[in-house]
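The values are calculated or read from the model by the stated rules, or taken from the named source; none is laboratory data. Every value quoted in this text rests on a predicted model; they were computed, and no experiment measured them. All Cβ positions, glycine included, derive from the backbone under ideal geometry; neighbour counts span all protein chains shown. We work out accessible area using only protein heavy atoms, side chains counted, and drop any ligands, DNA or RNA first. Shrake-Rupley method; radii C 1.70, N 1.55, O 1.52, S 1.80 Å.
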Amino acid sequence: MMTRPQQGRTHRLTRPSIAIAAAVAVTAGVVAAAPDAKTAEPTPKLSLIAASTSVTLDSWKDDPGVYLDLGTYLTSENGAFELKVTRKSYKDPVVATQVLRNGKKTTNKALPAGLVKDFSGLPGFAQVSVTDAAGKTVLKQTEAFCPNNASGRIRPDAPAQSKYPQSCPVNPFTLGSVWGVENGWASNTYAGYYAKPVQLAAGTYTAKISVTKKYRDLFGIANKPQTVKVTVRERSWEEEEGSGSAARSAAPRSAKSAAGTQGHAGHGGHEGHQRAADAPAASAHAAHGAPARPEAPAARTTGAAPTFNVGHGPYPPAPPALPWALKKESLQRQAFSAAKVGDRPGQTDGSRQAPGAKANAKRPTGKATVPDVPKPDLRSLPAYGITVSDGYEDVPGKDYLAFSANVWNAGPAKLVVDGFRSPGKELMDAYQYFYDAKGKQVGYTPTGTMEWDPRPGHEHWHFTDFASYRLLKADKKESVRSGKEAFCLANTDAVDYTVKNANWHPGNTDLSTACGQENSISVREVLDVGSGDTYTQDLPGQSFDITGLPNGTYYIQVLANPENRLKETNHKNNSALRKVVLGGKKGARTVQVPAHDLVNAN
């Protein structure tokens with residue numbers, strides 16, 4: 001996980017880093033009350049287990065470091081292990097509650113204040129100690145645990161599917177999340193893509209993994225450490241290149257090394273320039289309009305969770321989330337060897353299916369109506385990932401303020417927009433659809449158009465007037481407007497899964513299927529309840545030209561549904577502001593990003 005910038009720090013984006021800049025939430029501690037002993041309910045029985053007594057991990061010569069996926073899992077019996085994590089606003093700390101279910105009765109148990117500080121998981125959950133062949137301790141560290149990590153059943157009578165989300169969100173402006181290990185399931189304790197690699201030379205080691213005392217006491221987990229034999233082997237990417245396609249598909253590349261190959265496409269739209277050299281390598285995924293992503297920085301046998309936080313940009317996905325066959329290691333190895341890793345149409349991380357919803361075969365007929373049924377509530381998150389860059393050789397002499405933005409749906413109904421193309425026309429006619437409580441379509445209304453965006457990094461159909469970006473002066477009057485007002489809708493981020501009707505398993509979580517192709521006759525774009533759509537700062541349109549602006553205080557405004565063309569429950573909560581302070585000189589501009597209430601992420 002990337003480190004967060006300090007408050008007031010000056011940020012300047014370099015060419016290699018523009019494709020991988022990200023922010024991590026920082027919030028204050030938890031305020032919660034101790035549970036009443038009289039209301040205590042039977043709690044799930046949690047245990048730490050190891051899927052195997054030995055693992056083999058790879059260290060790559062061109063990017064040394066070992067991702068410490070040791071195959072340990074937290075199991076839940078006698079009921080599901082469920083946590084609800086929320087904050088009322090960005091001025092309030094994160095609060096975590098354990099949800100205990102006993103038949104139809106539900107009891108909430110407040111967790112201790114300060115236990116969690118963000119939405120990425122339980123910090124300091126696992127203790128890992130590694131000794132070498134001589135018995136010398138070479139590594140000792142604690143790791144966070146996301147209960148929504150890759151998981152699998154541990155007994156045949158367990159529920160066939162887990163009801164819990166597939167990742168813990170890391171968007172700095174997340175508002176609510178649900179974490180859980182299903183009854184009769186086990187969830188990997190490894191932090192996956194968000195873990196840092198450790199330095200271990202090739203050789204044999206012994207790893208001891210245990211749950212730290214504070215969590216053992218809190219959740220009644222027995223103190224039974226697991227021991228795993230570890231073999232670290234050194235491999236070379238160049239050697240793999242000569243050993244066949246199968247080996248190449250298995251060899252991981254790190255986010256750092258792969259991201260360096262991603263070009264900067266962020267300013268081509270300012271002057272109508274496009275750089276073919278900046279387009280990523282062709283792939284099945286790129287054909288659907290999203291940049292090709294490098295393989296995940298972890299071995300294929302990882303149990304790391306997928307993530308919705310990839311956004312519309314070249315961030316790599318999390319490692320594949322394949323369940324472990326806990327008692328059948330031979331089947332486990334077969335499953336991993338057969339797994340195909342990477343992005344492709346309908347598949348976002350090597351395991352999780354994310355098909356885009358199909359549009360209606362024909363455009364609607366009859367009278368357009370807006371019935372009195374639940375509607376979506378679009379809201380904007382404050383901008384983040386804020387950086388300054390020049391125009392490079394694309395647009396020399398220019399300075400740009402780049403940023404990431406997210407518009408999300410607070411519900412209680414999903415946003416469904418279909419685009420229909422008349423033969424020979426460049427634009428699609430767009431319609432918003434409405435549904436009753438049983439999911440039956442009961443109305444529709446025209447809501448603008450969709451347009452094809454041919455720029456590298458997009459190359460899909462955008463719904464126009466979904467949101468707009470403006471840079472406001474200190475008096476909050478408009479100064480500069482971004483040219484971007486069209487978007488492809490995808491559920492990239494789990495912003496608040498505690499709102500009414502939140503869908504914990506949304507479709508079209510990635511661009512591989514969500515936004516159509518140039519020759520599409522119709523497209524359906526959906527923003528589900530609880531999810532948001534992130535556009536990262538490396539994409540065309542995600543920046544302001546600040547070349548001629550004086551230094552001083554400004555506000556980045558993200559405005560959802562700017563023309564009120566979409567029907568929603570509330571049009572008064574569509575704007576979000578983020579304060580920035582511009583400095584420096586032309587060609588070397590800087591930006592300071594103060595904390596937004598309790599969230600100190602640039």
**Asked** If you add up the charges near ALA195, with Lys and Arg at +1 and Asp and Glu at -1, over every other residue whose beta carbon is less than 11 angstrom from its beta carbon, what do you get?
**Response** -1
**Request:** Could you look at region 560-601 and say what percent of its accessible area is carbon and sulfur, using a 1.4 Å probe and all protein chains?
**Result:** 44 percent
**Fill in**
Diffing region 469-480: the Karplus 3J(HN,Hα) column from phi (6.51, -1.76, 1.60, θ = phi - 60°), in whole Hz with x for Gly and Pro, holds 10, 9, 9, 9, 6, 4, 7, 6, 9, 4, 10, 9
**Asked** Per the Kirkwood formula on distinct C-alpha pairs, the Rh of region 121-188 is how many angstrom?
**Response** 14.2 Å
**Fill in**
Rounded to a whole %, the carbon-and-sulfur portion of the accessible area of region 86-145 at a 1.4 Å probe is 50 percent
**Asked** What is the spin-label model distance, in nm, from LYS105 to ASP63 if the labels are put 7 Å beyond Cα along the C-beta direction?
**Response** 5.2 nm
**Request:** Using only the Cα atoms of region 398-444, build the gyration tensor, take square roots of its eigenvalues as a ≥ b ≥ c, and label the shape rounded, prolate or oblate: rounded if a/c is under 1.5, else prolate if a/b is larger than b/c, else oblate.
**Result:** oblate
**Request:** With a 1.4 Å probe and every protein chain left in place, tell me how much accessible area ASP528 has, in Å² to the nearest 10.
**Result:** 20 Å²
**Per-residue ³J(HN,Hα) for region 438-454, Karplus 6.51 cos²θ - 1.76 cosθ + 1.60, θ = phi - 60°, Hz, x for Gly and Pro** = 8, x, 7, 5, 10, x, 7, 8, x, 8, x, 9, 10, 10, 7, 9, x
**Message:** Taking θ = phi - 60°, what integer Hz values does the Karplus form 6.51 cos²θ - 1.76 cosθ + 1.60 yield along region 199-204, in sequence order, with x for Gly and Pro?
**Reply:** 9, 9, 6, 4, x, 10
**Request:** Step through the table entries LYS196/LYS500; LYS45/LYS500; LYS117/LYS438; LYS45/LYS104; LYS91/LYS473, compare each Cα-Cα distance with 31 Å, and write down the pairs that go over it.
**Result:** LYS196/LYS500; LYS117/LYS438
**Request:** Consider all pairwise Cα distances in region 553-602 and report the whole-number % of them above 13 Å.
**Result:** 67 percent
**Request:** May I ask you to give the solvent-accessible area per residue for region 420-469, in square angstrom, as obtained with a 1.4 angstrom probe?
**Result:** 42 Å²
**Asked** Taking amide H positions as placed 1.01 Å from N in the peptide plane, with prolines and chain starts having none, which residues 5 or more places from ARG565, or on another chain, fall under 5 Å of its amide H?
**Response** none
**Fill in**
Amide H contacts under 5 Å for THR509, restricted to residues at least 5 apart in sequence or on another chain and with H modeled in the peptide plane, are ASN491
**Complete:** Reported to the nearest 10 Å², TRP185 has, with a 1.4 Å probe, an accessible area equal to 20 Å²
**Asked** How much of VAL581 can a 1.4 Å solvent probe reach, expressed as accessible area in Å² and rounded to 10?
**Response** 40 Å²
**Asked** In Å and whole numbers, how far do the C-alpha atoms of region 68-188 stretch along each principal axis, longest first?
**Response** 53, 43, 23
